[in-house]
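In what follows, a single structure is set out as structure tokens and then discussed.
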Amino acid sequence: MEKRYQVFVSSTYDDLKAARSRVIQALLNINCIPCGMEYFPASDEAAWETIERLIPQCDYYIVIVAGKYGSIARGKAKSYTHLEYELAAKHRVPALGFLHQNTDDLKTQFTEKDPARRKKLESFRAQVARKLCKFWTSEEDLVGAVLTSLTQQMQRTQRIGWVRADKVASDDAKDEIIKLRKANEKLSAELAGYRKEQTDYESKLACGDDPVEFYAFWSIEREMAGKWQKVLLNATLKTTWNGLFAVLYERRGTKWSGLSVREVLDEEFSNAAGRKKLSKYGAWRILPDDYVEVESTTMVYTQFSALGLIKLRGSGWDISARGIELIGRILAIPKGPQRIDPPWWCEVDIVETVTAERDIEIVNLVV
């Protein structure tokens, strides 16, 4: 952003008119904004009010002192130049002093003859000399000293300066864009890290075509040689995680609120036994006081949630966007001959334990 610094040029007027003009021109050449007594109102009161407002707004202050003390402000004991210097110090405006080295060489009309004013001038010069100060003997020396000292001061002390209004808006927008870009890059990096962490985590979880088993038991009565025997059925349902996810979707859709995994698996166990009807044993029936008990059904929710396939909503679960995408891949019809079997399948093994004293017989039921 291109800045222009406002520089207050203070000095006595008549004796340093030419020197001031050279300094102001040099400041303009380095894109500074010079200001000083040339721009003030004519009256003393209005002039000082303007000075009091202007100097605190300036970025730097320059005072040029030669053989004159200058006009003394009405009601004050010090000259305007002296008061301006102290005002700059009061408001901590960086001040640079430039003292003529040989006032005895100056023309008589450009020196103080009155002892009281001479004494004030000497006191003022001593005050300026105690801070940043350079001496000059010619206008060329003065201009060179001003430019060198001001450039160094700008490097040491950064000031606010002035910029064009359209430049401010443009640069602020650029700064905001850069700030947002950095924030976006940071968030993108964090998201990439999270995704990698999630992928690494999910790669360690059972999913897709990995096998999963569920276990159940229930009691039946079957007819053997004209007698009913009570039999305990121990069943194992074998499937895959994708298969299980697909059947749960077919039974409940995307809303799993109130879904009982046990009920779904119970139905599958019963269907497996019902299709075979245990025909080799004749008639059979499930005892009304017994039921299917499935272990670890809570694990199903935990697993699908960890895989990002379902999400908790209120008191129930819903299939997530990722889960819907997976359902599409599982149930989509592929090219080529159409399959006859349903897209979800399971294998159920049933082991029968007869409560009476007899050997255990195993019936393998495949769905």
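Trypsin sites (Lys or Arg not before Pro), restricted to region 40-99: which are DSSP loop and have at most 16 other Cβ atoms within 10 Å?
On the way: sites: ARG53, LYS68, ARG74, LYS76, LYS78, LYS90, ARG92; in loops: LYS68, ARG74, LYS76, LYS78, ARG92.
Those that pass, being in a loop and sparsely packed, are ARG74, LYS76, ARG92.
Strictly over 18 Å apart at the Cα level, which of LYS17/LYS131; LYS76/LYS119; LYS68/LYS131; LYS3/LYS134 would you flag in this model?
From LYS17/LYS131; LYS76/LYS119; LYS68/LYS131; LYS3/LYS134, over 18 Å: LYS17/LYS131; LYS68/LYS131; LYS3/LYS134.
Which order do ASP105, ASP175, ASP59 take by accessible area at a 1.4 Å probe, largest first?
These residues rank, largest area first, as ASP105, ASP175, ASP59.
By how many nm would the segment from MET299 to ASP209 lengthen if fully extended, with 0.36 nm per residue of separation less the alpha-carbon distance? Walk me through the intermediate numbers first.
Values: separation 90, 0.36 × 90 = 32.40 nm, distance 1.71 nm.
Full extension of this stretch gives 30.7 nm more.
Could you check the spin-label model distance between ARG164 and LYS90? Points 7 Å from the Cα along Cα→Cβ, value in nm.
It works out to 3.7 nm between the two label points.
How much accessible surface area, in Å² rounded to 10, belongs to the heavy atoms of TRP162 with a 1.4 Å probe?
120 Å²
The values are calculated or read from the model by the stated rules, or taken from the named source; none is laboratory data. Model, not experiment: these values are computed from the prediction. Note that we place each Cβ from the backbone using ideal geometry, even for glycine, and neighbour counts take in every protein chain shown. Heavy atoms of the whole protein, side chains included, go into the accessibility calculation; ligands, DNA and RNA do not. Shrake-Rupley method; radii C 1.70, N 1.55, O 1.52, S 1.80 Å.
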